[in-house]
1. Per Stokes-Einstein, at 20 °C and 1.002 mPa s, what whole-number D in µm² s⁻¹ belongs to region 199-270, with the Kirkwood radius over Cα pairs as the hydrodynamic radius?
2. Between Arg187 and Ser67, what's the calculated FRET efficiency when r is the beta-carbon distance and R0 is 45 Å? Round to 0.05.
3. What spacing in nm lies between the two simple spin-label points modelled at Ile59 and Tyr180, each 7 Å away from Cα in the Cβ direction?
4. Would you mind computing, in nm to one decimal, how far apart the modelled labels at Lys112 and Tyr216 are, each placed 7 Å from Cα along Cα→Cβ?
5. Just reorder Phe126, Phe170 by solvent-accessible area, largest first, 1.4 Å probe, all chains present.
6. List residues of region 241-260, by number, whose backbone nitrogen lies under 17 Å from a label position 7 Å along Cα→C-beta of Gln131.
7. Average the reciprocal distances over every distinct pair of alpha-carbons in region 141-292, invert the result, and give the Kirkwood radius in Å.
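The values are calculated or read from the model by the stated rules, or taken from the named source; none is laboratory data. Quick caveat: nothing in here was measured; it's all calculated off a predicted structure. As a convention, Cβ positions derive from the backbone with ideal geometry for all residues, glycine included, and neighbour counts pool all protein chains shown. Areas reflect the complete protein model, heavy atoms only, side chains present, ligands, DNA and RNA absent. Shrake-Rupley method; radii C 1.70, N 1.55, O 1.52, S 1.80 Å.
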Amino acid sequence: MPPSDILHFRPLVQFSPPHTTTQAQENQPFIFHKYQKITKEMNLTKKKLIPILVLFLSIISILRILSLTIKTTSSFSTSTSSFSSYNKVSSHKHESSNITTILKEKEFKVLKNLISLKSPCNILIFGFQPQFLILSSMNEGGDIVFLVDNHDKPTNMVTTNSNNTQVHNFNYNVPTKEAYKLLKHARNNHECGPNPIYLQTSKCKLALKNLPAIVYEKNWDVIVVDGPNGDSTESPGRMSSIYTASVLARGGNGSDVIVHDVDRMVEKWFSWEFLCDENLLYSKGKLWHFRIRGHLNSTTFCPVTTERRGSSNSEF
């Protein structure tokens, strides 16, 4: 090839100017810097959001805790108001043990229905439960007397409200373990009869003779036996409470007698002995409802059941 031809094609090799390919490269640092700035701003935003989110969750937790505290305080205040009257006449030790015999809702409903039917009426209650104060509010115009077991304080009387409600402390001294001996004594002693006229002067070991005068003076429309506690062999039992209730119930025109905790042997057997099967009107849970007619001239509580008496030795 001739030399002239080679010189002719050399300018064509330098086809593109070098400055045209650097424009995109010049823009790249700017774009990268802008992206880096945006990324940093996003990181800063996340860092700011985290404490805000933590603060928000903390506020919600605090509000929930305050709500639970308010509800708990309200519930405690209600319970405290129910116990306030009882605390005036009973020690904390007795109160704690007596709660074990509290009436269930279905059992207490039987008692409430009875009071609503007979109100205004005279109600005598051996023992005390805070729920019994409801009976006082239902019995407007009637009297209600509580006989509360309290060995730590001398016998006294406290009026709990203006609705003729009285609470008397009384020492029940006979332990549950003496139940069978007392039952045998009552069966063999004519002094343990059902006539309420002789109750205060009775020589029967089951008779409660030192109760407040109002107990013997009034005719009781409803008598409830839920005390003393009687939850162990050494604690005072309900033998005398059931016997005395059965005697008082036969004064006047008779009474409705409610006995609680009849799943226990003492309550069951002494109710059978002195309140009688034929007088059992209704039962619900651990509660028996007897209706006793007035029998001032009667010499026995109820017909003798030979089979029951024959098996009683093995039960106590």
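1. Working: Rh = 12.8 Å.
Reported coefficient: 167 µm²/s.
2. Numbers: r = 62 Å, r/R0 = 1.37.
So, using R0 = 45 Å, E works out to roughly 0.15.
3. 7.3
4. Inter-label distance under the simple model: 3.7 nm.
5. Details: Phe126 0, Phe170 20 Å².
My answer, sorted largest first, is Phe170, Phe126.
6. Only 258-260 fall inside the zone, counting backbone N under 17 Å.
7. Values: mean 1/r = 0.0634 Å⁻¹.
Answer for region 141-292: a Kirkwood hydrodynamic radius of 15.8 Å.
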